[in-house]
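The values are calculated or read from the model by the stated rules, or taken from the named source; none is laboratory data. The structure presented is a predicted model; accordingly, all values stated were derived computationally and were not measured. Positions of Cβ are backbone-derived with ideal geometry, glycine not excepted, and every protein chain shown enters the neighbour counts.
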Amino acid sequence: MVYLLCGLIGSAVIAAVVGPLFRKENSLESTIIEETEWDLLQRKKEVVLGNIQDLDFEYKCGKLSVEDYNKVRAEMTAEAGAVLRQIDDIENSQDLDALIRREVSARRTKTTVSAKHQTCPSCGVENPATNKFCAECGGKLRK
């Protein structure tokens, strides 16, 4: 009897823990988390631009001939241009979600720029956020 009770309680605990993993929610939070076309295009843009950088590096290292480099670079540039045009089309539409994304990304870049530096309370010199002491006067920086 005790084993049966322990088995039932254990099964209930496992179901309670694992259950939310298999349930699809239709709430606002789950909608926000879902990836949109704009998000997919942003990721594709990053991949294409990274590929162009890799191509440039390989050409500078001498791994590609001039003809191959020019051909592949033209193809990649055309693909990047197409992705950027699609992103602009989405952002230039009067879609409220796109306007919100632009505002959020602008605010994120603003906070990351200010978070990269900290001012020394003693001498007022800007120091990287990773520093614990001022590079100019050696004073302790606040965290």
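Run down Ala74, Ala80, Ala98 and say which single residue is in contact with a helix residue (DSSP H, G or I) (Cβ under 6 Å, 6 or more places away or on another chain), among the hydrophobic types (A, V, I, L, M, F, W, C) and at pLDDT 85 or above.
Working: Ala74 fails: in contact with a helix residue (DSSP H, G or I) (Cβ under 6 Å, 6 or more places away or on another chain); Ala98 fails: at pLDDT 85 or above.
The conditions single out Ala80.
State all residues of the range 127-142 that are surrounded by fewer than 10 Cβ atoms within 10 Å (Cβ to Cβ) and closer than 14 Å to Lys116 by Cβ; if no residue qualifies, say none.
Selection gives Thr130 alone.
Looking only at the range 51-65, decide whether some residue is surrounded by 13 or more Cβ atoms within 10 Å (Cβ to Cβ), modelled with pLDDT of 80 or more and of a type in the set (S, T, N, Q).
Let us first name the residues in the range 51-65 that are surrounded by 13 or more Cβ atoms within 10 Å (Cβ to Cβ), namely 51-52, 55-56, 58-59, 64.
Narrowing the set further to residues that are modelled with pLDDT of 80 or more leaves 51-52, 55-56, 58-59, 64.
Restricting the remaining residues to those that are of a type in the set (S, T, N, Q) gives 51.
Yes, the range 51-65 contains a residue that is surrounded by 13 or more Cβ atoms within 10 Å (Cβ to Cβ), modelled with pLDDT of 80 or more and of a type in the set (S, T, N, Q).
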